[in-house]
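One structure below.
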Amino acid sequence: MEVYQLDVLNHIQAPYVVVSFPAQSIGGQDKGMTDHYARVMDGVVANLQWRAQKLAFAKETYYVLSREGD
C-alpha cells in the first residue's frame, strides 16, 4: 500500500474500518488475489499498528480494522 493510502486510513476517525478485496478476477478466475491482498493487509496492520479480523468468503475477503488500544 502506498504511503498516502496509509495516511488516509490513519486519519479516519471511526472505531472500525472495513476494507474488502475480491477473491477472484472479474472473469471468475483465481489469480492469487487473496494471497496478494493478505500481504497488503499484513503491511497495513504492521505499519499502522491496527488489529485486523479477516472474514473470507468465496468471492470477497473483508478485513475489519480497529486501532490497537481502542
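Quick notes on this structure:
- Dimensions of the chain from C-alpha coordinates, computed as largest minus smallest value along each principal axis and given longest first, are 38, 22, 16 Å.
- Applying 1/(1 + (r/R0)^6) with r as the Cβ-Cβ distance of Leu9 and Lys59 and R0 = 22 angstrom yields a FRET efficiency of 0.40.
- FRET efficiency for the pair Ser66 and His36, taken as 1/(1 + (r/R0)^6) with r the Cβ-Cβ distance and R0 = 22 Å, rounds to 0.45.
- Annotation: amide H-H contacts under 5 Å for Thr61 (H modelled 1.01 Å from N, sequence separation of 5 or more, or interchain): Phe21, Ala23.
- A cut-off under 10 angstrom between Cβ atoms defines the neighbours of Gln49, and their net charge, with Lys, Arg +1 and Asp, Glu -1, is +1.
Every read-out reported here was derived from the displayed coordinates using simple, explicitly stated rules and does not represent laboratory data. Not measured: the values here are computed from a predicted model. No Cβ is skipped: glycine too gets one built from the backbone with ideal geometry, and neighbour counts run over all protein chains shown.
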